[in-house]
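First up is the structure itself, then whatever we jot down about it.
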Amino acid sequence: MHVFEKYLGEEITVNVTRGEKVETVMGTLLSAEWENVVLQTENEVIAVNSPEDITFKRLPEGLIVKPTLI
């Protein structure tokens, strides 16, 4: 399971480079596969290819932060 799947429907913040400018975009995570995320912002739905920085408001429930053997 990809860690982003635990954040579907949650608000996240990503930094996106557009030319020489870095833009911070906040929105609800609709989809995330490999290096692409789709966000619903106030005004539009955007697809971000290879976001640089991603900020989550909290750790998702059930996320194991220590390596364990199963």
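The values are calculated or read from the model by the stated rules, or taken from the named source; none is laboratory data. This one's a predicted model, so the numbers in the text were calculated from it and none came from an experiment. A quick note on method: Cβ atoms are made from the backbone with ideal geometry, for glycine too, and the neighbour counts reach across all protein chains shown. Only protein heavy atoms, including side chains, enter the accessible area calculation; ligands, DNA and RNA are left aside. Shrake-Rupley method; radii C 1.70, N 1.55, O 1.52, S 1.80 Å.
Taking only segment 42-53 into account, find how many residues are over 11 Å from Thr24 (Cβ atoms) and either outside any loop (DSSP other than H, G, I, E, B) or in contact with a Pro (Cβ under 8 Å, 6 or more places away or on another chain) (or both). Outline the logic, then answer.
Of all residues in segment 42-53, those over 11 Å from Thr24 (Cβ atoms) come to 42-50.
Add one more test, that the residue is either outside any loop (DSSP other than H, G, I, E, B) or in contact with a Pro (Cβ under 8 Å, 6 or more places away or on another chain) (or both), and what stays is 45-49.
Qualifying residue count, segment 42-53: 5.
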List, please: which pairs have Cβ atoms under 7 Å, are six or more places apart or on different chains, and start with a residue in segment 56-70 that is assigned to a loop (DSSP other than H, G, I, E, B) and end with one that is modelled with pLDDT of 70 or more? Lys57/Glu11; Pro60/Lys6; Pro60/Tyr7; Leu63/Lys6
Which members of segment 30-57 meet the condition of being modelled with pLDDT of 90 or more and in contact with a Ser or Thr (Cβ under 6 Å, 6 or more places away or on another chain)? Val38, Gln40
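Among the residues of segment 2-22, are any of a type in the set (Asp, Glu), in a strand (DSSP E or B) and either modelled with pLDDT of 90 or more or open to solvent by less than 60 Å² (accessible area, probe 1.4 Å) (or both)?
yes
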Taking segment 1-37 as the region of interest, how many residues are over 15 Å from Arg58 (Cα atoms) and touching a residue at least 60 places away in the same chain (Cβ under 8 Å)? 0
Using the structure shown, decide if Leu30 is outside any strand (DSSP E or B) and among the aliphatic types (A, V, I, L, M). no
